[in-house]
Each structure stands twice: as C-alpha cells, then as structure tokens.
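The structure appears below as structure tokens.
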Amino acid sequence: MVGIMHIVEPLVYIIGGAVVVGLALVLQHERRQATRLVERSRELERLSSELLRANRMKNDFLANVSHELRTPLNAIVGFVDLLREGVYGELTPRQVKPVERIEASANHLRHLVDQILDLAKMAAGRLDVHRETLDVRPFILDVASEVESLLNEKSLSLSLVMGSALPKIRTDPTHLRQILVNLLGNAIKYTDEGAIVIKTRVLQNKAALAEGLPQPVAILNGPAAPWLSIQVIDSGIGIPVNHQERVFEEFEQVDAGPRTDSPNRGTGLGLAISRRLARLLGGDLLLASEPGKGSTFTLWLPLVEPASTAAENSPHPG
Ligand code: ADP
C-alpha cells in the first residue's frame, strides 16, 4: 500500500502541475487573442472613420466643384441665348448651327452639373424634403404638359389613366416633379413609336405588396397605410433583365442614346437620382421591362406622410 502511495503521490503532483501549466498557457493565449481582437477592432474603427471622412470630403468636393461650375455655365447659356435671339446682331446662316451646338452642349453640361450636385447633396444627407399637400391629378397633368413638345417631336401619344377621385398626397412637389419628368423624358427618348401611358392607382398596403412594393418599404409606413402608385409605361426598346438593376446605378447606360449635342442625350444619372428621391420621399422606384416590348417604371409613394417625418416637420410647441 505504502509502495503504491509512493508512486501515486508524485504522479498526482506531476499531473496537477501539468494541468496548472496548461491552464496558464491557455489563459495567456486567450489574453493574447483578446488583446489582438481589441487591436483589430480599434484598427477597423480607425479605418471606418477614415472612410467616412474620405467619403464626406468627396461629397463636399463634388458639391463645391458643381456649385462653382454652375455660375460660369449659367453665363454661357444666357449669353448664347442672347446670341441666338439676335440681341448682338443677326447671326449669319453659317453661324446658326455652331451657336445651336454651343447652346445644346452648355445645357447638357449644366444638366450634368445639376445632377452631380443633387447626388452629392443626397449622399451627404443634405437634400431637404419640403412636404406640401398636393392634388395628384392636376399635378400630373401639369407635369405631362411639360413634356408635350418632346412628345410632339416624335409623334408619340400620351394617355393618362387616372381614377377621377384621386386623393391628395403629402409629399415634396419639386422632388416628385423631378422624378416624373425624368421617367417621362426617358420613356419618350427610348420609344420610337406607339404610346406612353401614365397610370395612377391607390392601393392598400396588402394589395401594394402583392403588386411588387418591397416589404421593407411597406413596413416603414405601417400595415394600414395606403400607397399611391404612379406608373410610366412605354412601348419602346425595353431593358434587358441583366441591366434592370444596373440602370439605377450612377452613370449606367444600356445604350448611351442620342450621342450628338442633342439636349436629349443622356447622362446615366437620371434613374439613380430618381430612385434615391423616391426613397427620400418614403417610397421606391421599380422597373419591369421586356426588350423590344417596352418598360414600366412604377413609383410608389406613401399617401400619408410617414409618421417619423410628420413628427419632425410639425411645429414645435411654444
Ligand atoms: P440617361 O440620362 O442615360 O437616360 P438614366 O439614368 O435616366 O440616364 O437611364 C439610364 C439608362 O437606362 C439609359 O441610358 C437607358 O439605357 C436606360 N433606360 C432608362 N429609361 C429607359 C426606358 N424607358 N426605356 C429603355 N431604356 C431606358
């Protein structure tokens, strides 16, 4: 018995010692891992704040440059206009075309600069929403009259399918107009024959979801909120499936469209801006299209002002 104890006792000490050393090693390893993790998360924090700063600087740079470019561009557009109107003397027949091209190019550049300015403001969260109560029907009729000359140039017809009892909506008229003018301008630009249709409908949340309103957008407005859908439908060239999401990205064009100095040539920014504006208004902009048959752009807008923004916009007591 004593002999066995002689063997077991040192063994217990050896095993105990080994366990203690093992535990110490594990503890040290864990501590090292924890220190490494803290260091890595600090590094990630530093990188992410650097990225945010760089992004802010890029947006500020874009906003400042665009702003500075606008002033001389406005002067160019203004003076070319006066030249064309003959304020500085009648233009000779040889001068007419080049002056028109200067005007078209300057207008295109101004449009591009305006769009970049809009995008920079949106990225910086500095594009404001000023909601007003709008009568949908007269508003859409007014926007449609804005593109009438473009329609006539291409002999396209425009039909409006709107219920007679369209309700009022609380939204930003400037942003809504910008989206609709862009959608209608595109519909006209990419359609050679046939018709363009503007269709408006009011749908309850459930029906809107069934019609394609994305769930996360629907949730934002509460389950009982009604939605306004404004569709711009054309019978034009259509957009292939693999481009249907990409066209909403900045500077994406399936087909660059008219390449000349025509004021109609594209920038590839219109849809990117329109979708962001739609989201800023609490809605979304979606596309369904079939090449050769046409495209349908659906703008979803909450009919009632989203609760969060209503609270922000309401006057402070006192
Ligand atoms: P752009 O100024 O080039 O029209 P947009 O962002 O408005 O820029 O549109 C991006 C691209 O999406 C266009 O260049 C065009 O290829 C395609 N697109 C937009 N609207 C239509 C449409 N109604 N029919 C066919 N293609 C369209």
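The values are calculated or read from the model by the stated rules, or taken from the named source; none is laboratory data. Since the model is a prediction, treat every value here as computed from it, not as a measurement. Every residue, glycine as well, gets a Cβ built from its backbone with ideal geometry; the counts of neighbours run over all protein chains shown.
No other residue among Ile179, Ile196, Ile188, Ile140 is crowded, with 17+ Cβ neighbours inside 10 Å, closer than 19 Å to Val232 by Cα and more than 13 Å from the ligand (Cβ to nearest atom) apart from Ile140. The set of residues in region 162-179 that are modelled with pLDDT of 90 or more and out of contact with any strand residue (DSSP E or B) (no Cβ under 7 Å at 6 or more places or on another chain) comprises Asp172, Thr174, His175, Leu176, Arg177, Gln178. Is there a residue in region 63-79 that is out of contact with any strand residue (DSSP E or B) (no Cβ under 9 Å at 6 or more places or on another chain), touching a residue at least 60 places away in the same chain (Cβ under 8 Å) and either exposed (fewer than 10 other Cβ atoms within 10 Å of the Cβ) or in a helix (DSSP H, G or I) (or both)? Within region 63-79 (the criterion being out of contact with any strand residue (DSSP E or B) (no Cβ under 9 Å at 6 or more places or on another chain), touching a residue at least 60 places away in the same chain (Cβ under 8 Å) and either exposed (fewer than 10 other Cβ atoms within 10 Å of the Cβ) or in a helix (DSSP H, G or I) (or both)), the answer is yes, since at least one residue qualifies. Of the residues Ala225, Ala278, which is modelled with pLDDT of 95 or more and more than 11 Å from the ligand (Cβ to nearest atom)? After ruling out the rest, the residue left standing is Ala278. Here Ala124 passes the criteria (1) buried (at least 16 other Cβ atoms within 10 Å of the Cβ); (2) touching a helix residue (DSSP H, G or I) at 6+ places or on another chain (Cβ under 7 Å) except the one numbered (1).
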